[in-house]
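The values are calculated or read from the model by the stated rules, or taken from the named source; none is laboratory data. Everything quoted here is computed from the prediction, not taken from an experiment. Because the Cβ atoms are built from the backbone with ideal geometry, glycine has one as well, and the counts that use them run over all protein chains shown. SASA here: full protein model, heavy atoms, side chains in, ligands and nucleic acids out. Shrake-Rupley method; radii C 1.70, N 1.55, O 1.52, S 1.80 Å.
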Amino acid sequence: MKAYKDMSREELLALKRSLEEEFETAEKKGMSLNMARGNPGVSQLALSMPMLDVINSSSDMNTLLGNDTRNYGDWDGIGECRWLLANMMNVKKDNVIVCGNSSLNIMFDTVSRSMTLGVNGSTPWSKLDQVKFLCPVPGYDRHFKILELFGIEMINIPLREDGPDMDLVERHVNHDAAVKGIWCVPKYSNPTGISYSDEVVRRFANLKPKAEDFRIFWDNAYGIHHLYEEDQDEILNILEECEKAGNPDMVYIFTSTSKISFPGSGVSAVATSFKNIEDIKKQMTTQIIGHDKINQLRHARFFQNTDGLNAHMKKHAALLRPKFEAVLHILDSELTGLEIGSWTRPKGGYFISFNAMPGCAKSIVAKCKSLGVTLTGAGATFPYGIDPEDSNIRIAPTFPTPEEMKEATTIFVLCVKLASVEKLLGE
């Protein structure tokens, strides 16, 4: 295929007319497909339905230690659920607090407590003149929304194929006391699907923060979300690496089963140092007497152990692979060689990241919407919703069927081509 940039103006105009005819034909179909958010598909939700039969009115409701899950107690989570999620995060059970249904809720609470009460006795962030956070980009929009709500300044950090630009991270963290944290999605990152290299993880663990209350917010949302059994990314254990480096308190690890069991009805957890656990405990025991232990018991009995979790995730992967492969096949066959976009090839997670020609993302998303295909808003993967290049688009292949993904991606490719031609003609 001939690159668009190498075409003459006459060739581009002829191509534009042809693409506009295709656009008009697609417009008449009246499609309605949603690739905006990383929602599990209906077939994925069905995988966990037997969990609802694990506990009923005649069930033994006691934990392995004999505690009644219907009553108060076990504020940090029942033992078997803490053990299950600790193994999922590859940490010790004593480093884990099991919370409610959402890891985003834990992250919000962690930032909120830092703002109002400080971190391990430090000055509350709300009483400081300036609070900054590093944000690897493209990244997760809900992370950025938390910071925006609290008025925390966000600093873009380019995300590379092996993780964030660590030279830039070290420069900010090691020399600016106003920098209090960094968001990380270290495995199958949202939206690029990349995983952090061993070197990047070790450099994180060996940071020398200017601020004593600096924390790494390690959102391990996709830790076991592999697409392929024989080709999986693995990352170093950040908690262990921080301990080795003499920075045991520097990291919070967050996880949940939201995309493993039921979104909104799963279980979540935070793992961190014993000192941080004690600090969280002082505040959490005032905030809440305990989370839903019956749901914790349901999850522990359904999955039983790490083998049970992994077997369940293989079923998810079998459903997701055809969707990801449908998108990638069409992108490869339709756009390779045109030099109007690039895309990631994740081995896991929930997203494919597409980089269009600079200045084209908003146009592509708008064109797709007019044809009935809803994408994540252009700019959403950057703080304040501002993509400096107007280039990045997050594709979420999980909710539609494989057939719908083929249709949606065909529409997406058409819009990429038309927006690119219009951009080149405008230049």
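On inspection, residue 122 does not qualify as of a type in the set (Gly, Ala, Ser), in contact with a strand residue (DSSP E or B) (Cβ under 8 Å, 6 or more places away or on another chain) and either farther than 27 Å from residue 395 by Cα or without any contact (Cβ under 8 Å) to a residue 60 or more places away in the chain (or both). Within the range 350-361, being under 18 Å from residue 424 (Cα atoms) and either surrounded by 17 or more Cβ atoms within 10 Å (Cβ to Cβ) or within 19 Å of the chain's Cα centre (by Cα) (or both) holds for 355, 356, 357, 360, 361. Scanning the range 390-416 for residues that are within 27 Å of residue 44 (Cα to Cα) and either part of a loop (DSSP other than H, G, I, E, B) or in contact with a Gly (Cβ under 7 Å, 6 or more places away or on another chain) (or both) turns up 396, 397, 398, 399, 400, 401. Which members of the range 132-155 meet the condition of being outside any helix (DSSP H, G or I) and open to solvent by 60 Å² or more (accessible area, probe 1.4 Å)? Within the range 132-155, 151, 153 meet the criteria.
Of all residues in the range 306-349, exactly one satisfies the criterion of being open to solvent by 20 Å² or more (accessible area, probe 1.4 Å), more than 28 Å from residue 414 (Cβ to Cβ) and touching a helix residue (DSSP H, G or I) at 6+ places or on another chain (Cβ under 7 Å), namely 306.
The condition (being in contact with a Ser or Thr (Cβ under 9 Å, 6 or more places away or on another chain), open to solvent by 30 Å² or more (accessible area, probe 1.4 Å), in contact (Cβ under 8 Å) with a residue 12 or more places away in the chain and hydroxyl-bearing (Ser, Thr, Tyr)) is satisfied by just one residue among 401, 410, 381: 401. Taking the criterion of being among the polar types (S, T, N, Q) and open to solvent by less than 20 Å² (accessible area, probe 1.4 Å), the residues of the range 108-124 that qualify are 110, 114, 122.
Take the residues in the range 1-12 that are among the aliphatic types (A, V, I, L, M) and loosely packed, with under 13 Cβ neighbours inside 10 Å; name whichever of them is modelled with the lowest pLDDT. Full working, then the answer.
From the range 1-12, those among the aliphatic types (A, V, I, L, M) are 1, 3, 7, 12; that's our starting set.
Still in the list and also loosely packed, with under 13 Cβ neighbours inside 10 Å: 1, 3.
Working: 1: 76, 3: 94.
Among them, the one singled out is 1.
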